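The values are calculated or read from the model by the stated rules, or taken from the named source; none is laboratory data. As the structure is a prediction and not an experimental result, all values here were calculated from the model. Cβ coordinates were reconstructed from backbone atoms using ideal geometry, including for glycine residues, and neighbour counts include every protein chain displayed.
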Amino acid sequence: MTHSILSRRAALAWLAGGAALTTLAACGSQAQAATFKVTLTDAQWRSRLSPAAYQTLRHEATEAPFTSPLDKEKRRGTFLCAGCDNELFDSATKFDSRTGWPSFYRPLTRAIGTKTDFKLGYPRTEVHCADCGGHLGHVFEDGPRPTGLRYCMNGVAMKFRPA
């Protein structure tokens, strides 16, 4: 009797877990489901972007840390989306987070959107371009003043326009 109760409980737990994962997966596709100013076919994105930028912006890949030249960029200027040229961050908000990715404490107004990402099994806030929906990185609550936020961006998802 006890064995069958435990088996039923285990089965119910597995079913509940599967339902939760299905719900989380549906929540995680908000950026792709939204309508953006810039919409291209998959073939158009592939032809427009480098392979690394395509994988990052369109398939939410992450570049290896310490590989982007934008991590060391110190000139005045603006960081743009590599997919659509949307202005994302002013260089005055960039800081060295020592994480290996370009980091900022504030995006430009209406430059980004966010969604909850559960890919690592716990909630993180994913950042995407407001104009094309391209994946840029994640935002964390361990940044400097004045916001306390760290927008940890994939350099391959951006380009830099000097002032």
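When 75, 106, 98, 161 are screened for being more than 21 Å from residue 36 (Cα to Cα), touching a residue at least 60 places away in the same chain (Cβ under 8 Å), over 12 Å from the mean Cα position of the chain (by Cα) and part of a loop (DSSP other than H, G, I, E, B), only 75 passes. Which of the following residues is in contact with a Phe, Trp or Tyr (Cβ under 7 Å, 6 or more places away or on another chain) and of a type in the set (Gly, Ala, Ser): 103, 97, 50? After ruling out the rest, the residue left standing is 103. Scanning region 56-77 for residues that are farther than 21 Å from residue 103 by Cβ and either crowded, with 16+ Cβ neighbours inside 10 Å or touching a Leu at 6+ places or on another chain (Cβ under 6 Å) (or both) yields one hit, 58. Screening residue 55 against (1) out of contact with any helix residue (DSSP H, G or I) (no Cβ under 6 Å at 6 or more places or on another chain); (2) outside any helix (DSSP H, G or I) leaves a single unmet condition, (2). For residue 121, the conditions (1) on the phi < 0 side of the Ramachandran plot; (2) over 10 Å from the mean Cα position of the chain (by Cα) all hold with the exception of (1). The residues of region 78-95 that are of a type in the set (A, V, I, L, M, F, W, C), assigned to a strand (DSSP E or B) and surrounded by fewer than 18 Cβ atoms within 10 Å (Cβ to Cβ) amount to a single one, 95.
I'm checking my understanding of the structure. Among residues of region 82-95 that are more than 15 Å from the chain's Cα centre (by Cα) and hydrophobic (A, V, I, L, M, F, W, C), which one is nearest to residue 139 (Cα to Cα)? Restricting to residues being more than 15 Å from the chain's Cα centre (by Cα) and hydrophobic (A, V, I, L, M, F, W, C), the top hit is 95. For region 117-139, the criterion of being part of a strand (DSSP E or B), surrounded by fewer than 22 Cβ atoms within 10 Å (Cβ to Cβ), modelled with pLDDT under 95 and in contact with a Pro (Cβ under 9 Å, 6 or more places away or on another chain) is met by at least one residue.
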